[in-house]
Amino acid sequence: MDGKDAALARRWRQGDRDAAAEVADRYSDALGAVAYGILGDVSLSEDVVQETFVRAASSQNALRQDERLGGYLVGIARNVAVDVSRKRRREVQLGDNHRAVSDPGLDASRAELSEALRAAVDELPEDQRDLFLMKYVSNMRYAVIARVLGTSANAVGQKLWRIRTKLQEQLEDFRP
């Protein structure tokens, strides 16, 4: 859908370092949002973004349609994040993180809401979760999300409206 992506992908494949940097600039936020949605950890998400670009650079010939560069990178990021998540589950985590609590009741309410929102977002279909996180974690504009996903900004807006409505219904118990 994006002619710029097709030209960029071709330049990148030919070894153009400026193209590689442009790919990273163009897609890092979206890939980070996808990774964060799976891992819930900013630091690990940054590692996933780096690994995504490494894997994509070494397997550029797997990209069948140059204009689908964004979707191709999102797929790699999703797979890398799932691999990291599986690895984390197998590891034994030592120690607890303790922090000072200013208002235990308020902190508990916020934690409960946060956990409920996280669970509701996790239950969304993969494509909806990615879209939601690109907008509300990475604060990406509709036009940028549309380019990454190969759709229109109008479609992004409509899908986000449906996602928000669905989440509001699921979290109705938390309304004042």
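Give the stretch 96-119 a look and list any residue that's surrounded by 11 or more Cβ atoms within 10 Å (Cβ to Cβ), at pLDDT 75 or above and among the acidic types (Asp, Glu), or say none.
Listed by number, the list holds a single entry, GLU112.
Have a look at ALA30, ALA9 and point out the one that is at pLDDT 90 or above, of a type in the set (A, V, I, L, M), under 22 Å from ARG78 (Cα atoms) and touching a helix residue (DSSP H, G or I) at 6+ places or on another chain (Cβ under 9 Å).
Answer to the check: ALA30.
Quick one: count up the residues across the stretch 145-168 that are within 18 Å of GLY75 (Cα to Cα) and surrounded by fewer than 20 Cβ atoms within 10 Å (Cβ to Cβ).
Total meeting the criteria: 2.
Just to confirm my filter: which helices (runs of 4 or more DSSP H) fall fully inside the stretch 104-175 and include at least 3 residues that are β-branched (Val, Ile, Thr)?
Output list reads 142-149, 153-170.
State whether the residues of the stretch 47-70 include one that is under 17 Å from VAL121 (Cβ atoms) and buried (at least 22 other Cβ atoms within 10 Å of the Cβ).
No; the residues of the stretch 47-70 include none that is under 17 Å from VAL121 (Cβ atoms) and buried (at least 22 other Cβ atoms within 10 Å of the Cβ).
Name the one entry in ASP25, ASP47, ASP18 that is part of a helix (DSSP H, G or I), over 12 Å from the mean Cα position of the chain (by Cα), without any contact (Cβ under 8 Å) to a residue 60 or more places away in the chain and under 20 Å from LYS135 (Cβ atoms).
The unique qualifying residue is ASP25.
The values are calculated or read from the model by the stated rules, or taken from the named source; none is laboratory data. Fair warning: this is a prediction, and the values are worked out from it, not measured in the lab. Ideal geometry is used to build each Cβ from the backbone, glycine not excepted, and the neighbour counts take in all protein chains shown.
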